[in-house]
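Asks: Structure provided below as structure tokens; questions to follow.
The values are calculated or read from the model by the stated rules, or taken from the named source; none is laboratory data. None of the values given here were measured: they were computed from a predicted structure. No Cβ is skipped: glycine too gets one built from the backbone with ideal geometry, and neighbour counts run over all protein chains shown.
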Amino acid sequence: MSRLTFFKYLILFTPPTTYPIGRRNPPMKFSLYSVLFIGLILPVLVFADADTAQENKSAIIQQPVSLTGGDVEGTVYAQDTDTPLALAEVRFEGIDVSTSTDASGNFQFTGIAPGTYTLLILHPTSKTPTTVKIEVTAGDTTQLKIYVRTSIQLETVVVEGQRLPPTVSRKVMRGSELVQIPSAGSDALRAITTLPGIGIPNDFLRALHIRGNTPGDTRIYIDRTPLSYPFHFGGFFSTTHSDSIESIYVYAAGYGAEFGLDSQSVIDIRTRERLNKQRGGVVDFNFISPYGFFETKIGDKGYASVAGRFATYNLILGLFFDWTFPTWSDYELKFAYQLTEKHHLTVNAIGATDHFDFSNTESEETSRSSAYFKNGFQAEGIHLRSHLTDTLTSHLSLTHSYNFLNINFGGNPSQSEASPSEKFIYSVQVNTPTYTLREDISYKLTPKLQLEPGFLFAFSPAESRTHTLLPQNISADDEKLVWKERFDTFHYDFQQAEGYLQARYNPLSFLSVALGVRFDYLNLTEELSIQPRGSLSLTLPTTSTLRFAYGRYEQSPFAYQVFKTDGNRDLKSSIAEHYVVELAHELSPQTRLKFALYYKDMEKLVTRSVNVDALFDDTDTPITTAYLNQGTGFVNGAEIFLRHRMSEKFFGWLSYAYTHAERREAPDALYKPFLFDNTHIASLVTNYSPRPKVSIGAKWQYVSGTSAVPLSTLLMIQDPVTLGMHPLLSDVAGAIAPTAFQAYHRLDLRLSRERMQWGIPVTEFIEVWNVYNSENKINFSFPDDLVTEFKKTDSEEFPIDLETSEYKSPVRFPFNFTFGATYKF
């Protein structure tokens, strides 16, 4: 008798498991890995000499004598009204460098020679210039917020500055630009997929694959509070609120020791903490999911905001159709207050829920079946940022997050004549609260040397409960399925301790070095990991910066890989080593070019073998093996990013990324392409304002396709949200039906206009999606034996028609257009 009878149950769900709890005592191993830097000689063909750069200087911003330094950018505000000052002149005293603020009060200088300067701020409402002293360091970006009194006597000046150290593979994007990208739905997080190295499998699913990583390898933070998953149901809407975002920092690879365990890349989202007016907000009345955002000042030192989104299309369509629809919702709260001149307090909360319930349908065909799903998270944080002295700063955070998963699929087994699909029960409840204490300290020993220590402690009492009624075997007498019911409960207290020490040293005006090491301990593996990291930044005698980086990063195994029946208590963390070289070149004050090469070497990957042939024979050959640290792999790639920004008139960028990834699942296996098989991703984004309050945008993107991988690799359902307590898609399912995406390309357009309606500023827009209706197909590959067996059996209930070993399904956003209005006040 073939094992094909079990196929429908194996392909979607993990077999029932138990979690025997016992203590293991592996020897503690300490190992120290030396920091390895890349020694490369890169031919630099795009450098222009300093004389040529001087001839092509902007009419607004004049370059200083030396172009080997850092950048300065900021905003000038009127302190009395807290509104941005347009047309304020910002000038460096002593050198011929100046600019004027734009309509939003913003200004920017690039390539300023290292040193201490005095900025002069002049405005028509003032007779006396305001002076501010700043320090410029090679390779750094100094961000300023300058508040001045627009009166005859400008006596008080408030400067809030933040220096961003030079770091490879960090991309900084303005939230105000990201929300204007066509087809992003005013969603900044969806728009970052147009940046190089941030690949998505297709135009429907929005799982983030950064430089060859799987979706679970990326950690996302909002104001230092963890964001469990970025998109509702894998890609419809993000779980963040773009109108509150000030900037998004993407650390693709090779970053420093400040970020810890279980991350191969980091997305750091920072929201606003100050408002330019007394209050403001945004209301978006759209058919599918309305959205609202409100913010206000609290006195002279405080700020508060609230945002929320929920699905309404189900309520509207429910008036016309007797259907049940999936729903979602999310929220975001923030309170910020300047306690004293040295201490700033922030309290924030975020949350999201995805839900569907088909359990109460009254159709005769489905009255005895149910399908309930609810997945979500909520997180809160208290953050104290302290400038204790001119050289010592502290950022202390206490956060709590709660992730949950509730699944109930099946029918009513009490029915005597129930079919197998109606007797089937699969119920999972996972709850993982996590409490985290994090501290980051910065201490400047000398003007050239800065120490950055920090620590993190986390505790998570996770729990998983499972109730299953599944077929176990076939009766030898009548060849009927034998069903078995199980109740499994599993609880584990995850404990995590991390610490790091990092030093940044600028021995010369054109040279910056960062060396750090991170120590992480997780009781799941009972091992202490040592992760050295380092980078070098060299400012060349042009407008170019050359950076090298190395980092060692570890990822712990999932809980089910360790504790389930066929798990392995001796599993250890997998290891990835990043090597990055990056060149940043300033073509003009408004145009920047960035080129990067990277290589990742991966060892001790947790894998297990799946014998697909064993599904179709009559022997007792095991289908799967145990989980082992036996996999190896590598990722290499190249990226080009060209960005141009011309005040508020025009912005745009061109990005290209090449990625190739291969993995070997076992020592005796061959290396095979893993998702990114010589994949090319190109994006072109433009936005032009022909006149004030009118903008025209376009986005074109091309992806050359992917290699076949398990479907769970393309989706982040709940792992690592629930710490891998229980997988939704089994390894057997992935081996039976590997999934690949074909090449696709699409063009999207957007036209928007701002005007006043009923005394309220309104932004009206129209977007055209997939202008030339390009197809985007998913390929499912099935074993030939499976197709043969399905043709012999009654497979009418199977969702697809298996006539061949390949099945192509078009999953895309077809040609469409949408329009709407956003009210801002």
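Asks: Can you name the residue in segment 473-489 that is among the polar types (S, T, N, Q) and farther than 21 Å from Ile407 by Cβ and, of all such residues, is modelled with the lowest pLDDT?
Replies: Ser475
Asks: Could I ask something else about it? Quick check on segment 515-574: of everything there that is basic (Lys, Arg) and either out of contact with any Ser or Thr (no Cβ under 7 Å at 6 or more places or on another chain) or in a loop (DSSP other than H, G, I, E, B) (or both), which residue is surrounded by the fewest Cβ atoms within 10 Å (Cβ to Cβ)?
Replies: The qualifying residue surrounded by the fewest Cβ atoms within 10 Å (Cβ to Cβ) is Arg569.
Asks: Quick one: in segment 657-682, which of the residues that are aromatic (Phe, Trp, Tyr) and over 13 Å from Ile210 (Cα atoms) is surrounded by the fewest Cβ atoms within 10 Å (Cβ to Cβ)?
Replies: It comes out as Tyr671.
Asks: When you scan segment 733-742, do you find a residue that is aromatic (Phe, Trp, Tyr), modelled with pLDDT of 85 or more and either closer than 30 Å to Asp354 by Cβ or surrounded by fewer than 19 Cβ atoms within 10 Å (Cβ to Cβ) (or both), even just one?
Replies: No - not one qualifying residue is present in segment 733-742.
Asks: Condition first: of a type in the set (Ser, Thr, Tyr), at pLDDT 80 or above, more than 24 Å from Ala379 (Cα to Cα) and touching a strand residue (DSSP E or B) at 6+ places or on another chain (Cβ under 9 Å). Can you find one or more residues in segment 194-212 that meet it?
Replies: For segment 194-212, residues of a type in the set (Ser, Thr, Tyr), at pLDDT 80 or above, more than 24 Å from Ala379 (Cα to Cα) and touching a strand residue (DSSP E or B) at 6+ places or on another chain (Cβ under 9 Å): present.
Asks: May I pose another question? Only one of Ser186, Ser176, Ser126 is part of a helix (DSSP H, G or I) and at pLDDT 60 or above. Can you tell me which?
Replies: Only one candidate qualifies: Ser176.
Asks: In this structure, is Thr788 among the hydroxyl-bearing types (Ser, Thr, Tyr), modelled with pLDDT under 80, part of a loop (DSSP other than H, G, I, E, B) and surrounded by fewer than 17 Cβ atoms within 10 Å (Cβ to Cβ)?
Replies: No; evaluated as a whole, the condition is false for this residue.
Asks: Which pairs do you get when a residue that is on the phi > 0 side of the Ramachandran plot and of a type in the set (Val, Ile, Thr), found in segment 434-454, comes within reach of a residue that is buried (at least 16 other Cβ atoms within 10 Å of the Cβ) and assigned to a strand (DSSP E or B), reach meaning Cβ atoms under 9 angstrom, with the pair 6+ apart or on two chains?
Replies: As it stands, the answer is none, since no pair meets every condition given.
Okay, residues lined up against (1) closer than 21 Å to Ser397 by Cβ; (2) in the same structural domain as Pro230 (by TED's automatic domain parsing); (3) outside any strand (DSSP E or B):
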| residue | (1), (2), (3) |
| --- | --- |
| Ile267 | yes, yes, no |
| Val283 | no, no, no |
| Gly292 | no, no, no |
| Lys297 | no, no, no |
| Ala304 | yes, no, no |
| Lys334 | yes, no, no |
| Ser370 | no, no, no |
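Asks: Moving to a separate point now. Can you tell me which residues in segment 497-541 are basic (Lys, Arg) and under 11 Å from Ala257 (Cα atoms)?
Replies: Across segment 497-541, the qualifying residues are Arg518, Arg533.
Asks: Could I ask something else about it? Kindly provide the set of residues from segment 300-325 that are at pLDDT below 85 and acidic (Asp, Glu), ordered by number.
Replies: Asp322
Asks: Another question about this same structure. Starting from segment 673-690, take each residue that is touching a residue at least 40 places away in the same chain (Cβ under 8 Å) and list its partners that are of a type in the set (D, E, K, R), counting only C-beta distances under 8 angstrom and pairs at least six apart or across chains.
Replies: What qualifies is Phe674/Glu662; Phe674/Arg663; Ser683/Lys699; Val685/Lys699; Asn687/Glu177; Ser689/Glu648; Ser689/Lys649.
Asks: Out of the residues in segment 104-141 meeting the condition of being farther than 11 Å from Glu89 by Cα and aromatic (Phe, Trp, Tyr), tell me which one is surrounded by the fewest Cβ atoms within 10 Å (Cβ to Cβ).
Replies: Tyr117
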